[in-house]
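Q: Before anything else, here's the structure in question.
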Amino acid sequence: MDNVYAHTPRKNDQEWHYLKDHLLSVAELARSFAEPFQGGRVAYLCGLLHDLGKFHPLFQTYLKRKEDGENARSVPHAIWGAAFMYQLYYEKLKHPHIWKWFALPIAGHHAGLNSSFYLSLTLKENLKKNFAHFSEILQQAELFLKEFVFPSMRSGIDTLPCSETEREMWIRLVFSALVDADYLDTERHFQPELSQSRQPLVSIESLWNGFVANQTRLTKEADDTVVNRVRREVYEECIYAATKPQGMFRLTVPTGGGKTRSSLAFALKHAMEHRLDRVIVAIPYTSIIEQTANVYRDIFGNDAVLEHHSQVEVDDQRETGEEQIIQQRLSAENWDVPLIVTTTVQLFDSLFSNRPSKVRKLHNLANSVIILDEIQSLPAELLKPTLDALTMLVKHCKTTVVLSSATQPFFEESKFLNVFSRIEVSEIVPSLLVDKHLQQMKRVEYDVWKTPISMQELVHFIRQQKQLLVVFNTRKEARECVELLREDEGVFHLSTLLCGAHRRRILDEVRERLRKNESIRLISTQVVEAGVDLDFPIVMRQMGSLDRIVQAAGRCNREGKIDKGKVIIFETKEMPSPKGPYKTAMETARFLLAQRQPEDLYNPNIFREYFRRLFAAVDVDSKNIQKDRETLDYPLVAEKYRLIDQDTVSVIVPYAEALKCLRMWESSPSRYSFRRLQPYMIQLYRFEAEKKEKDGWLREVADNVYEWLGDYDERLGIIEEVHDPFSLIG
């Protein structure tokens, strides 16, 4: 056992990674990660057994041949620890369910979680065909099994959540703990310098102290306006509510009411009160992430915030000992820092994924505060599994969840979302105070244009305005409008075809022009409408969902500097008809706007009615994901659960320092070098990227990451015509 190895020596070193050390270290780490959701004993046993197959002499020979520079073929090893649990619990002890809790994470720690049905067939087949190989492993591992595995099995197993979907998520969280523990111990061997740098530079306590100092300074400098009084009251309610027990909270704040700062204040103080490890802020749009992360960096410093919206899709679906592949796997984020700003896509697609590189971070959702900003933007057709997963985190994982929005959906009022009825939702700001704030924050007048206009007529109107924001549903129409205004001075454009660094520069210039009262016409997609700190006297919003219209209005007279701003809701003759749930949302909004007066948009009851109608008209589990979760079909769940319905890939564009950062990452792949690339990325559909690659416009630099080889326009971003993966999203 002392001369059995897990990994070859790292470069320029003669130190092998001993298998016994690796298994024990992974087991201890996995146990510590899984304790908050009562999975410690299962995770520990999974850690002991995950590399059981490496005890076989063939695998040891493979490692030694690789070390000698030979072109050796890898020997599969992940399946055998799972086979041990399957044979013991399913065949010998006749426990048809318990084996899944162990075998699924062990078998999937390289290639991903499989379905329990398929894994059962695979294990039967492997034991039948390769029983001699399996017996040799058990013989070689006999001392290890007797000394460590069997004693831990006698200590019993953990108490599991009761419902079938909760159990499905619990197994995924144990899998996350195992994968992260395996990656971290492997990193400690191959990249000790990176492993040492993982220690957080700040703590929750230091973040809270820094925030309080910044808030005190900001309050002293703020003018005594209606807007600032509302922000102060919201902040005070958040501080008061932070001392309450952990659970599900709702934060309702009118646009411009200081939701970003106040929700963070709640989260940090709540984390302090309950000794939680981190705060995770999930936001629907990358543009808001960029702004929010910058706000946080201004408060805490550059190194205190992890901004995570793109990730390398590493090769994590096969077993390999190649060090380059191992290093790419290790570059996956695991959210082991106190403050993370991410996208709802990154959060929820990972929460339902089966791939190790995506799932490794999930155990860190336990013992945390999760702020879900713009909660109303979650796709209605995925709400049932989404809310079920959030309820599981709150009930069993010591997680506090904050549902934050100006236009709250009140999920528990829908008879179609009974999964949410299992938990109580606490209001951070009392409903009477919310109503008062809505009336105080009446800063705009709404004007609904009844007749669709042509793009030429719209452009003529835009030219007559000195300062104006126009928000379109799609990038195609926004770009068409910008092209018609190309010769006009003071015209700017924002969409997700511009990389984050470029958008930040444009927003800075837009704000400067607004401050100086200079001519500025900003043509944008929905990327600008939620949470982006802009203050226009006039905002035009193309007809869309009711919550998006109100979010766009939040960019109008935001600071209350004029008596009333103007928000125009319009439709174009050329406007494409949306499909699916967004079409339902638009038609519901159009119906309510026709039935009500525009000032009713300041009444929260209109949103109650809007979402009640929407959830009744849309199947809130249209892909039948809950049934697949109950049968533990992890690959099918991952395939079905997509916040963006089709696969997208990350594309690095040639803007500013992008190419320099790309070369750095290619020469030394790590999560740190990849973070530097994030501001220079856009997203395209996979099928579009594959076509562009064939045409010579893209170069693949990693799985799902490409370099753009075409032109990049200062106004339009990439200027090759592409399909719009964020159509009706941003």
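Q: Given the residues Phe461, Phe410, which is the only one that is of a type outside the set (A, V, I, L, M), on the phi > 0 side of the Ramachandran plot and not assigned by TED's automatic domain parsing to the domain that holds Pro36?
A: The conditions single out Phe410.
Q: Now a separate question. Cβ contacts < 6 Å: first residue among the small types (Gly, Ala, Ser), restricted to the range 619-631; second residue crowded, with 16+ Cβ neighbours inside 10 Å, any location; separation 6+ or different chain. Result?
A: Listed by first residue and then by second, the contacts come to Ser622/Glu381.
Q: Scan the range 164-200 residue by residue and report those that are crowded, with 16+ Cβ neighbours inside 10 Å and farther than 27 Å from Val337 by Cβ.
A: Those that are crowded, with 16+ Cβ neighbours inside 10 Å and farther than 27 Å from Val337 by Cβ: Thr165, Glu166, Arg167, Glu168.
Q: Just the residues that are in contact with a Phe, Trp or Tyr (Cβ under 7 Å, 6 or more places away or on another chain) and assigned to a helix (DSSP H, G or I), please, taken from the range 482-503.
A: Ala501, His502
Q: Do we have any residue at all in the range 587-594 that's of a type in the set (Ser, Thr, Tyr) and farther than 23 Å from Asn418 by Cβ?
A: For the range 587-594, residues of a type in the set (Ser, Thr, Tyr) and farther than 23 Å from Asn418 by Cβ: absent.
Q: Considering only residues that are surrounded by 11 or more Cβ atoms within 10 Å (Cβ to Cβ) and either of a type in the set (A, V, I, L, M, F, W, C) or touching a residue at least 24 places away in the same chain (Cβ under 8 Å) (or both), which ones fall in the range 125-142?
A: Result: Asn126, Leu127, Phe131, His133, Phe134, Glu136, Ile137, Leu138, Gln140, Ala141.
Q: Just checking, which of Glu483, Glu477, Glu445, Glu427 is over 24 Å from Ala585 (Cα atoms) and over 26 Å from the mean Cα position of the chain (by Cα)?
A: Checking each option against the conditions leaves just Glu483.
Q: Okay, moving on. Kindly indicate whether any position in the range 78-89 is within 28 Å of Gln60 (Cβ to Cβ), without any contact (Cβ under 8 Å) to a residue 60 or more places away in the chain, β-branched (Val, Ile, Thr) and surrounded by 17 or more Cβ atoms within 10 Å (Cβ to Cβ).
A: Yes, the range 78-89 contains a residue that is within 28 Å of Gln60 (Cβ to Cβ), without any contact (Cβ under 8 Å) to a residue 60 or more places away in the chain, β-branched (Val, Ile, Thr) and surrounded by 17 or more Cβ atoms within 10 Å (Cβ to Cβ).
Q: A follow-up question, please. Restricted to the range 219-245, and to residues that are part of a helix (DSSP H, G or I), in contact (Cβ under 8 Å) with a residue 40 or more places away in the chain and not charged (D, E, K, R), which residue is surrounded by the fewest Cβ atoms within 10 Å (Cβ to Cβ)?
A: Val226
Q: Okay, moving on. Of the residues Ser116, Ser32, which is touching a Leu at 6+ places or on another chain (Cβ under 6 Å) and of a type outside the set (D, E, K, R)?
A: Ser116
Q: Given the criteria surrounded by 14 or more Cβ atoms within 10 Å (Cβ to Cβ), more than 24 Å from Arg541 (Cα to Cα) and touching a residue at least 24 places away in the same chain (Cβ under 8 Å), does Ala589 qualify?
A: Spelling it out, it is not the case that Ala589 is surrounded by 14 or more Cβ atoms within 10 Å (Cβ to Cβ), more than 24 Å from Arg541 (Cα to Cα) and touching a residue at least 24 places away in the same chain (Cβ under 8 Å).
Q: Restricting to the range 550-583, give me the number of residues that are without any contact (Cβ under 8 Å) to a residue 60 or more places away in the chain and within 25 Å of Leu643 (Cβ to Cβ).
A: So the answer is 3.
Q: Name the single residue that is modelled with the highest pLDDT among those in the range 247-283 being more than 11 Å from Ile428 (Cβ to Cβ) and polar (S, T, N, Q).
A: Thr260
Q: Any idea which of (1) modelled with pLDDT of 90 or more; (2) within 30 Å of Asp488 (Cα to Cα); (3) within 24 Å of the chain's Cα centre (by Cα) is the one Gln551 doesn't satisfy?
A: (1)
Each row is one residue, and each column tells you yes or no for (1) in contact with a Phe, Trp or Tyr (Cβ under 6 Å, 6 or more places away or on another chain); (2) surrounded by 17 or more Cβ atoms within 10 Å (Cβ to Cβ); (3) within 24 Å of Val359 (Cα to Cα); (4) of a type in the set (A, V, I, L, M).
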site: Ala594; (1), (2), (3), (4): no, no, no, yes
site: Ile606; (1), (2), (3), (4): no, yes, no, yes
site: Ala658; (1), (2), (3), (4): yes, yes, no, yes
site: Trp665; (1), (2), (3), (4): yes, yes, yes, no
site: Ser670; (1), (2), (3), (4): no, yes, yes, no
site: Gln678; (1), (2), (3), (4): no, yes, yes, no
site: Gln683; (1), (2), (3), (4): no, yes, yes, no
site: Glu688; (1), (2), (3), (4): no, yes, no, no
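So that you can scan it fast, the table gives a plain yes or no per residue for (1) more than 16 Å from Leu121 (Cα to Cα); (2) at pLDDT below 90:
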| site | (1), (2) |
| --- | --- |
| Asp51 | yes, no |
| His56 | yes, no |
| Asp68 | yes, yes |
| Arg73 | yes, yes |
| Pro76 | yes, yes |
| Ile79 | no, no |
| Leu93 | yes, yes |
| Lys100 | no, yes |
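Q: Same structure, new question: Output the residues belonging to the range 31-67 that are within 19 Å of Ala132 (Cα to Cα) and basic (Lys, Arg).
A: The answer is Lys54, and nothing else.
Q: Residue check: is Leu438 without any contact (Cβ under 8 Å) to a residue 60 or more places away in the chain and of a type outside the set (Gly, Ala, Ser)?
A: So Leu438 fails the test.
The values are calculated or read from the model by the stated rules, or taken from the named source; none is laboratory data. This one's a predicted model, so the numbers in the text were calculated from it and none came from an experiment. Every residue, glycine as well, gets a Cβ built from its backbone with ideal geometry; the counts of neighbours run over all protein chains shown.
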